[in-house]
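Peer 1: Sharing a structure below in structure tokens format, with a few things to ask.
Coordinate-derived values only; no laboratory data. Keep in mind that this is a model prediction, so the values were computed, not measured. Reconstructed Cβ throughout: ideal geometry from the backbone, glycine too, with neighbour counts over all protein chains shown.
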Amino acid sequence: LCANFPPYSSPRTKEQILELLILEQFLTVLPQEMQSWVREHGPETCTQAVALAESFLIGTVSEFMEENLQQGSWNDMEPPRKLPRKSQGNVSLGMGISESACGSERHQEKPPEMGENECTQRGEGTQDVHARAVDLGERRHQCPICGKIFCKKSILVTHQRIHSGDKPYKCLECGKSFGDSSTLNKHQTIHTGERPYICLDCGKSFRQSSDLKNHHRVHTGEKPYKCLECGKSFTHSSTFNSHQRVHTGERPYRCFECGKSCRDSSDLNKHQRIHTGEKPYECLVCGKRFTQSSALSKHQTVHTGEKPYKCLECGKSFMHSSTFYSHQRVHTGEKPYKCPECGKSCRNSSDLSKHKRIHTGEKPYKCLACGKGFTQSSALTKHQRVHAGEKPYKCFECGNNFHSRSLLQMSQGIQRGENPYGERRHRCPECGKSFCRKSALVTHQTVHMGKKNLECSDCGKCFGQRTALTLHQRSHTGEKSYKSLECGKRFSTLHKNQRVHAGQKPYKCLECGNSFKRNSALIRHKIVHTGEKPYTCLECGKSFKQRSHLNEHNRIHTGEKPYTCLECGKSFNQSSHLNKHNRIHTGEKPYKCLECGKTCRDRSNLNCHRRVHTGERPYKCLECGKSFSQRSHLSKHQRIHAGEKP
């Protein structure tokens, strides 16, 4: 209790300390409303406190008398119920107070005679009057918004500011406003730096006596507030009240900007900074600002390099307790967060939130440059580097810079002769195909299940994967969101083009040693060695090495031409044919002969032209043995032997 006393300008005497001790004990046993009222008037002695308590009760009785006399109903009223035993002991402020609360001969003084006379004139003892006053005042003022009841109108007025948002008390230092004067007084100690309440155990200082009392429980281990629902205990009533809302689902604090509801006022304050953009917590080292003090504390470990949380299993250290607890689940295998849609379990609540976006399709992180949405903020950050041209990750092996750490690690693996995607540990039981990640295996298994529930709204084609649908839809829109910084060309996906410029060929054939930029190209190449043609046309029986070739062939039977030129409206059954055709309009001739400098629209025309220089004639007539440089020339020649006259 001594630690709770405000500091004096000069040392206290033993008598002063005893006086303050008795005063504090007396104030503690008062009812909360009376205690707040008495403390606001700042009594310095026990005698002053008793007089103030008497005045409070007498004032309550007077108010009640006036109201009922005006209504003419005083004599008709039923006598009020008695106070509970505990309350009677707390508010017995007659002659016995100085004996029980003050406990000293020095303080056995009567309160002002006027109070006692006023009460006894009505034929009642002081204790009965006080009990009646507290009881009658207990349920008079009800909030029309939430129904909460208060015994003083002034407290009701203060409470109603919570609903109206009115904050009449303004801090002259920083301009911040508050709903009541007591909160303003507490806030002002932030500017003065005053911390008069000191813990005798550890020396820590506090601005308020209530904070010190709460802090004492850290040393004693006391947790007096127990939840009857789950049995969990808490040191603070505020934490206990907040916890109970988890069971009740109550969210009383509502944001006026977006309508979001929160369990605690502190959560609402943090949320509102999203709308205001306020970042009150500044790092003194680098000047970076944060919306929450916890975020600043985490950030400051970057400068200190401190990693106080060490895993006893593997010895790994962490800067933040949350990361440490999440890491421990790797060892225990615990996955407490379960998806209600598919049953998948996650180690962290954040991982579950990200996973749920797969089901909802939500993409809350939008690129302001191109409008593309992302499910994760980290994916948006990587994407924005494409627009900015930023490549912060440099490979010291090859000297190339990369947009993301994953591409850097891929490059480093290639330099070391490793598979950049790691070991393929996840094998499909249906076809034997292996994958580096379990998620890739799960995605692949939808091929065998025949599950294609994602339909293209333009052509009706169905897909098993959302990424495949997204890429397909770009064939209708012609969207090419990504521009290559090396060649300036635009692509629907950029990573394949980046491998072309970087010279990366991470996929190697074990049969002949050939390397390829894409895994799909390696799979197509392997068929050369096996001679396998697994894709057969059901219409004519023709077989193909690749599914894409079968799809293109099927369009001959269906007559489908899904690729349309936006310039002239001509349609094609293959995207490659549309790309070649588009070069007629653009005049682009990207394929150049190294011998004479002639340029061609497509690679096949360049190959035909090169035979002029090499003299190569690969197409031979089986009838007469004559050779030709182009297949079309051989076809024309064969008509002579057949007797055809086109």
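Peer 1: What FRET efficiency do you get for C537 and I358 if R0 is 30 Å and r is their Cβ-Cβ distance, rounded to the nearest 0.05?
Peer 2: Numbers: r = 35 Å, r/R0 = 1.17.
Step by step, r from the Cβ atoms, then E = 0.30.
Peer 1: Run the reach check for K204 against lysines, Cα to Cα strictly under 26 Å, same-chain hits fewer than 8 apart removed. What comes back?
Peer 2: Those lysines meeting the cut-off are K14, K186, K213, K223, K298, K307.
Peer 1: Hey, which of these cross-link pairs are over 18 Å Cα-Cα: K335/K356; K335/K382; K545/K589; K363/K391? Display every interim value, and only then the final one.
Peer 2: On the way: K335/K356 15 Å; K335/K382 28 Å; K545/K589 30 Å; K363/K391 25 Å.
Going by Cα-Cα distance, K335/K382; K545/K589; K363/K391 fall outside the 18 Å limit.
Peer 1: Starting from a Cα-only point model with no solvent, please compute log10 I(q)/I(0) by Debye for segment 571-639 at q = 0.17, 0.24 1/Å.
Peer 2: Debye intensities relative to I(0), on a log10 scale: -0.76, -0.99.
Peer 1: State whether segment 271-421 is rounded, prolate or oblate according to the following rule on the C-alpha gyration tensor (a ≥ b ≥ c being the square roots of its eigenvalues): a/c under 1.5 gives rounded; otherwise a/b larger than b/c gives prolate, and the remaining case gives oblate.
Peer 2: Values: a/c = 1.14, a/b = 1.08, b/c = 1.05.
Rounded shape, in that the Cα axes give a/c under 1.5.
Peer 1: Follow-up question, since we're still on this one. Extending each Cα 7 Å along its Cβ direction at I527 and Y281, get the distance between those two points in nm, one decimal.
Peer 2: Result for the modelled spin labels: 5.8 nm.
Peer 1: When the Kirkwood hydrodynamic radius is evaluated over all pairs of different C-alpha atoms of segment 300-379, what value in angstrom, to one decimal, is obtained? Present the calculation step by step, with values, prior to reporting the outcome.
Peer 2: Working: mean 1/r = 0.0666 Å⁻¹.
By the Kirkwood definition, the hydrodynamic radius is 15.0 Å.
Peer 1: What does the charge count near C227 come to, summing +1 for each Lys or Arg and -1 for each Asp or Glu among other residues with Cβ under 15 Å from its Cβ?
Peer 2: Working: positive: K223, K226, K232, R245, R263; negative: E229, E250.
Charge balance near C227 sits at +3.
Peer 1: If you don't mind, another one. Multiply the residue separation of V612 and I155 by 0.36 nm, subtract the distance between their alpha-carbon atoms, and state the gained length in nm to one decimal. Each step should come with its number before you reach the end.
Peer 2: Values: separation 457, 0.36 × 457 = 164.52 nm, distance 9.96 nm.
Stretched fully, the V612-I155 segment lengthens by 154.6 nm.
Peer 1: Still on this structure: Between segment 281-308 and segment 580-603, what's the alpha-carbon centroid distance in Å?
Peer 2: 57
Peer 1: Taking a cut-off of 17 Å between Cα atoms, list the lysines near K542, but don't count ones fewer than 8 places away on the same chain.
Peer 2: Once the sequence-local lysines are set aside, what remains near K542 is K533.
Peer 1: Does segment 144-253 come out rounded, prolate or oblate by the C-alpha gyration tensor, with a ≥ b ≥ c the root eigenvalues, rounded set by a/c under 1.5 and, if not, prolate when a/b is larger than b/c and oblate if not? Please list the in-between numbers first.
Peer 2: Details: a/c = 2.38, a/b = 1.06, b/c = 2.25.
Oblate, because a/c is 1.5 or more while a/b does not exceed b/c.
Peer 1: On the principal axes of its Cα set, how long, how wide and how thick is segment 180-338? Give whole Å, largest value first.
Peer 2: Rounded to whole Å, the extents work out to 53, 44, 44 Å.
Peer 1: If one computes the Cα centroid of segment 612-639 and of segment 230-278, what distance in Å separates the two points?
Peer 2: Comparing the Cα centres of segment 612-639 and segment 230-278, I get a distance of 82 Å.
Peer 1: A further question follows. Between beta-carbons, use under 13 Å as the cut-off and find the net charge around F178, counting Lys and Arg +1, Asp and Glu -1. Don't skip to the end; give the middle numbers.
Peer 2: Numbers: positive: R161, K167, K170, K176, K186; negative: D166, E173, D180.
Every neighbour counted, the sum reads +2.
Peer 1: What value in Å³ per residue do you get for the convex hull of the alpha-carbon atoms in segment 239-295? Write out the running numbers ahead of the final one.
Peer 2: Values: hull volume 4.5 nm³, N = 57.
Once divided by residue count, the hull of segment 239-295 is 80 Å³.
Peer 1: Out of C199, S210, C258, whose Cα points farthest toward the positive end of the dipole of segment 193-261 (charges: +1 Lys, Arg; -1 Asp, Glu; placed on Cβ)?
Peer 2: Projecting each Cα onto the dipole axis, the largest value belongs to C258.
Peer 1: May I ask you to work out the translational diffusion coefficient for segment 245-359 at 37 °C, viscosity 0.692 mPa s, via Stokes-Einstein with Rh from the Kirkwood sum over Cα pairs, reported in whole µm²/s? Before the final figure, lay out each step's value.
Peer 2: Numbers: Rh = 17.2 Å.
Approximately 191 µm²/s, per Stokes-Einstein.
Peer 1: Taking the convex hull of the Cα atoms, report for segment 522-646 its projected area averaged over all directions, in nm². Don't jump to the answer; show the numbers that get you there.
Peer 2: Values: hull surface 46.0 nm².
Dividing the Cα hull surface by four gives the mean projection, 11.5 nm².
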